[in-house]
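**Student:** Provided herewith is a single structure, encoded as structure tokens, for subsequent inquiry.
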Amino acid sequence: FAGFEANALTYDYTASVECLANPHKPQYGGGIIINPELSHGLRGWSTFGNAEIEHRVVLSGGNKFIVAHSRNQPNDSISQKVYLQKDKLYTFSAWIQMSDGNAPVAAVFKTTAGLKHAGAVTAKSKCWSMLKGGLNVNASGLAELYFESKNTSVEIWVDSISLQPFTQDQWRSHQDQSIEKTRKTNVRIEAVDEQGSPISNASISILQKKLSFPFGSAVNKNILTNTAYQNWFTSRFTVTSFENEMKWYTNEPVPGQENYKDADALLQFSKQHNIAVRGHTVLWEDPHYVQGWVASLSPRDLAKAVDKRINSIMSKYKGQLIAWDVVNENLHSSFFESKLGQSASASFYNRAHMIDAATTLFLNEYNTIEDNRDGLSKPDNYLRKLREIRGFPGNNNLTLGIGLQGHFSNPPDLPYIRASIDILASASLPIWITELDVANNFGEQAEYLEQILRELHAHPKVSGIVLWSAWAPGGCYRMCLTDDNFNNLATGNVVDKLRQEWGSKASEGTTDTDGFFEASLFHGDYEVKISHPTMKSPFLDQSFKVVSTDHTFEQTTLLLKV
């Protein structure tokens, strides 16, 4: 088995969702996998279960790969033993093909503590698909990698396998490097006099007024009458979703009697405090959350009711929201599609775009990053659904977004979270974490919340984060940030700690001999104060904004009147 540890370098964020004639080279040169490109026959590989395995070579091109055939059980496949360490984080990838048809294939590690799923992909025949995932383990020891597919009638072909370990410090360094690259910009301030000559030794003080990265929490109508809740919330967050106040069962519990009173009040409150709002949700596919009068409609009447619902809420709030969750949890449930046809959801996006074309339209789903055992919402299934939506007549110009709920019930698997977002990022669409919470199943809720938030904020393709922690007198959905007096719980302390880290601390100094002062600042709104003995007034106060830029420096020039 592979008993050496490869040097872990920069993390490779690349992922392919294309089915290719030939696989790419293994990431990290295969990491700790022996014979990752099958260049040396079957060395390092053996059978798992009762499969038979063989080494094959493509005559045209010479590509070499391993095949598991004569399979009778889902886990009959190829195998390699590796030694996994509990303090390491492992990123995994492989290229998979099937002899016929297409079906999901999962990468699984059999450990002394049980099975650990590393990820899955829908493999196809006649081309290679990339499986990218990751894992960590609770105890060090030998583990056995194998591949699993419920379709036992086909051969599983595997090539370019990689298992790369990273230390905790290396993983954290990836986060830090990504934050420096994607969340911050080097700013150069130039102080000059009225003649344009540089002023050296001018005192500079930079203070951040607002952070650009959208970070927030859901709210509900309880905030409207609770001053303590209002003060706690508005001093921390810049974006929100309404817990239930924009859902159909709230807006129209009885047919024809619409009620947007609470949603209107929450939107007005948010506007007053300069808090952006995500529209959640136009439609919810889960039949458990479809009100009885809607569930009882005939297909013809249901189609009319749905069209009326979309037009009602989206016309009412057109142009006032930053996003719409048009369909909620469509990968797990299909109430409307079962009644109106498989293309129903895609048609909803078409209608939504016609009403509010300027606002990003999201698909909102759970378990895409939380649970690698859930095949329904695995990343490539999510992207398949987006392609279906985009492929509906008239939908080619939709502005789509990826909404990942993030309801974590188990300890977070950070390598899998990162790899899943890598795959989704290949669609080049905005990715938001829309409903993040952590169950308090293990007594480490705050610790897990911090790990997850750090990972998500650091990922270069995550555009915003909303916690699902709206307060109510009876408690929160699964995760509260405060007690009933709005004193922080441990989870609230995590939020405040990270908010401080994700914002630029006050930066002070003096200009150099050429009149320049440089600082690395998080994207956001700033106020700068400059003073110098030659100035007529005590100091010059000016506001400026730091945005993402491809340039080495974002230059701000301030004119000092002397």
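The values are calculated or read from the model by the stated rules, or taken from the named source; none is laboratory data. Values in this document were obtained by computation on a predicted structure and should not be read as measured data. Quick reminder, even Gly has a Cβ in these numbers, built from the backbone with ideal geometry, and neighbours come from all protein chains shown. For the accessible areas, the whole protein counts, side chains as well, though only heavy atoms, and no ligand, DNA or RNA atoms are used. Shrake-Rupley method; radii C 1.70, N 1.55, O 1.52, S 1.80 Å.
**Student:** Which count do you get for residues in the stretch 160-192 that are part of a strand (DSSP E or B), open to solvent by 10 Å² or more (accessible area, probe 1.4 Å) and under 22 Å from residue 85 (Cβ atoms)?
**Tutor:** So the answer is 1.
**Student:** Taking the stretch 114-152, which residues are assigned to a strand (DSSP E or B) and out of contact with any strand residue (DSSP E or B) (no Cβ under 8 Å at 6 or more places or on another chain)? First the steps, then the outcome.
**Tutor:** Step one: of the stretch 114-152, the residues assigned to a strand (DSSP E or B) are 114-125, 128-135, 141-148.
Selection gives 114 alone.
**Student:** Has the stretch 51-60 got any residue that is among the hydroxyl-bearing types (Ser, Thr, Tyr), modelled with pLDDT under 95, more than 23 Å from residue 148 (Cβ to Cβ) and loosely packed, with under 13 Cβ neighbours inside 10 Å?
**Tutor:** First, pick out the residues of the stretch 51-60 that are among the hydroxyl-bearing types (Ser, Thr, Tyr): 60.
This time we only want the ones that are modelled with pLDDT under 95, so: 60.
Subsequent filtering for residues that are more than 23 Å from residue 148 (Cβ to Cβ) retains 60.
Then keep just the ones that are loosely packed, with under 13 Cβ neighbours inside 10 Å; that gives 60.
Yes: the stretch 51-60 contains one or more residues that are among the hydroxyl-bearing types (Ser, Thr, Tyr), modelled with pLDDT under 95, more than 23 Å from residue 148 (Cβ to Cβ) and loosely packed, with under 13 Cβ neighbours inside 10 Å.
**Student:** Going by what's in this entry, would residue 293 be described as surrounded by fewer than 16 Cβ atoms within 10 Å (Cβ to Cβ), of a type in the set (Phe, Trp, Tyr) and either modelled with pLDDT of 95 or more or closer than 23 Å to residue 432 by Cα (or both)?
**Tutor:** Working: surrounded by fewer than 16 Cβ atoms within 10 Å (Cβ to Cβ): yes; of a type in the set (Phe, Trp, Tyr): yes; either modelled with pLDDT of 95 or more or closer than 23 Å to residue 432 by Cα (or both): yes.
So residue 293 passes the test.
**Student:** What number of residues within the stretch 1-17 satisfy the criterion of being at pLDDT below 50 and either open to solvent by 100 Å² or more (accessible area, probe 1.4 Å) or of a type outside the set (Asp, Glu) (or both)? Let's see the steps before the verdict.
**Tutor:** First, pick out the residues of the stretch 1-17 that are at pLDDT below 50: 1-8.
Narrowing further to those that are either open to solvent by 100 Å² or more (accessible area, probe 1.4 Å) or of a type outside the set (Asp, Glu) (or both): 1-4, 6-8.
Residues flagged as at pLDDT below 50 and either open to solvent by 100 Å² or more (accessible area, probe 1.4 Å) or of a type outside the set (Asp, Glu) (or both) within the stretch 1-17 amount to 7.
**Student:** Those residues that are in contact (Cβ under 8 Å) with a residue 60 or more places away in the chain and part of a helix (DSSP H, G or I), I need them from the stretch 336-378; list them, please.
**Tutor:** Scanning the stretch 336-378 gives 345, 348, 352, 375.
**Student:** Considering each of 367, 381, 397, 350 in turn, give the residue that is open to solvent by 10 Å² or more (accessible area, probe 1.4 Å), at pLDDT below 95 and outside the structural domain of residue 148 (by the TED database).
**Tutor:** On the way: 367 fails: at pLDDT below 95; 381 fails: at pLDDT below 95; 350 fails: at pLDDT below 95.
It is 397.
**Student:** Is it the case that residue 195 is outside the structural domain of residue 38 (by the TED database) and either modelled with pLDDT of 95 or more or open to solvent by 10 Å² or more (accessible area, probe 1.4 Å) (or both)? Steps first, answer last, please.
**Tutor:** Values: outside the structural domain of residue 38 (by the TED database): yes; either modelled with pLDDT of 95 or more or open to solvent by 10 Å² or more (accessible area, probe 1.4 Å) (or both): yes.
Criteria met by residue 195.
**Student:** If you don't mind, there's one more thing I want to ask. Specify the residue that is farthest from residue 149 (Cα to Cα); the eligible residues are those in the stretch 28-50 that are touching a residue at least 60 places away in the same chain (Cβ under 8 Å) and surrounded by fewer than 20 Cβ atoms within 10 Å (Cβ to Cβ). Please lay out each step first, then the result.
**Tutor:** Taking the stretch 28-50 and keeping what is touching a residue at least 60 places away in the same chain (Cβ under 8 Å), we get 28-33, 36-38, 48-49.
The next check asks that each one be surrounded by fewer than 20 Cβ atoms within 10 Å (Cβ to Cβ); those that pass are 29, 37, 49.
Values: 29: 26, 37: 21, 49: 13 Å.
Checking each candidate, the answer is 29.
**Student:** Follow-up question, since we're still on this one. Restricting the stretch 408-440 to residues that are assigned to a strand (DSSP E or B) and hydrophobic (A, V, I, L, M, F, W, C), which is surrounded by the most Cβ atoms within 10 Å (Cβ to Cβ)?
**Tutor:** Out of the qualifying residues, it is 438.
**Student:** Give the residues of the stretch 116-127 that are more than 16 Å from residue 86 (Cβ to Cβ), open to solvent by 10 Å² or more (accessible area, probe 1.4 Å) and out of contact with any Asp or Glu (no Cβ under 6 Å at 6 or more places or on another chain), sorted by residue number.
**Tutor:** Selection gives 117, 120, 124, 126, 127.
**Student:** Among the candidates 301, 286, single out the residue that is within 22 Å of residue 343 (Cβ to Cβ) and either open to solvent by 40 Å² or more (accessible area, probe 1.4 Å) or outside the structural domain of residue 352 (by the TED database) (or both).
**Tutor:** Checking each option against the conditions leaves just 301.
**Student:** Something else now. Can you say whether residue 321 is modelled with pLDDT of 95 or more and either not in a loop (DSSP other than H, G, I, E, B) or not assigned by the TED database to the domain that holds residue 394 (or both), as far as the supplied structure shows?
**Tutor:** Working: modelled with pLDDT of 95 or more: yes; either not in a loop (DSSP other than H, G, I, E, B) or not assigned by the TED database to the domain that holds residue 394 (or both): no.
Judged against the criteria, residue 321 is not a match.
**Student:** Determine whether residue 257 is over 20 Å from residue 472 (Cα atoms), at pLDDT 95 or above and open to solvent by 10 Å² or more (accessible area, probe 1.4 Å). It would help to see each step written out before you state the result.
**Tutor:** Details: over 20 Å from residue 472 (Cα atoms): yes; at pLDDT 95 or above: yes; open to solvent by 10 Å² or more (accessible area, probe 1.4 Å): yes.
Here the answer is yes, as residue 257 does meet what is asked.
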